[in-house]
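Each reported figure results from applying straightforward, stated rules to the coordinates on display, with no laboratory input. Note that the coordinates shown come from a computational prediction; the quantities given were computed from them, not determined experimentally. Cβ atoms come from the backbone with ideal geometry, glycine included; neighbour counts cover every protein chain shown.
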């Protein structure tokens with residue numbers, strides 16, 4: 001099985017990125033400065049576990065706000081898929097499309113699974129200076 005090169009560790013600089021959040025808007029890691037950014041890489045919008053995961057983050061959004069943290073979902077799905085998914089699940093935080101080049105950001109964060117062509121379930125907390133504070137990866141299978 002071909003897995004990512006390895007999760008970034010605490011203390012490493014988080015790679016900057018610019019990804020689409022809608023067909024005409026983009027979000028960069030540098031846009032998330034001011035509080036901790038919580039980057040939630042996940043395989044696909046409409047899979048049962050991912051849907052529940054993103055819905056759970058939406059449900060605890062006040063807890064993120066309490067720490068001035070900004071949650072962001074990142075998968076290889078396209079922006080239109082993200083839009084439909086967010087509307088269906090009432091998700092109000094950004095879902096970013098790592099669609100083209102497919103999985104580029106997930107690869108740089110060590111969270112891409114080549115065999116399935118998706119991001120693995122990885123979670124990063126990036127401090128306001130762009131440094132990884134904490135990371136975790138949950139592999140399927």
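Within the stretch 17-39, residues that are free of Cβ contacts under 8 Å to residues at least 24 places away in the same chain reach partners that are surrounded by fewer than 18 Cβ atoms within 10 Å (Cβ to Cβ) and outside any strand (DSSP E or B) with beta carbons closer than 8 Å, at six or more positions or on different chains, in the pairs 28/16. When the test is whether a residue is under 22 Å from residue 125 (Cβ atoms), surrounded by 17 or more Cβ atoms within 10 Å (Cβ to Cβ), within 11 Å of the chain's Cα centre (by Cα) and touching a residue at least 60 places away in the same chain (Cβ under 8 Å), residue 14 does not pass it. Those strands (runs of 3 or more DSSP E) of the stretch 78-141 in which at least 3 residues are within 15 Å of residue 10 (Cβ to Cβ) and in contact with a strand residue (DSSP E or B) (Cβ under 7 Å, 6 or more places away or on another chain), considering only elements entirely within it, cover 121-126, 132-138.
Every residue, every condition in (1) out of contact with any helix residue (DSSP H, G or I) (no Cβ under 8 Å at 6 or more places or on another chain); (2) at positive phi, yes or no:
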{"residue": "47", "(1), (2)": "yes, no"}
{"residue": "54", "(1), (2)": "no, no"}
{"residue": "68", "(1), (2)": "yes, yes"}
{"residue": "91", "(1), (2)": "no, no"}
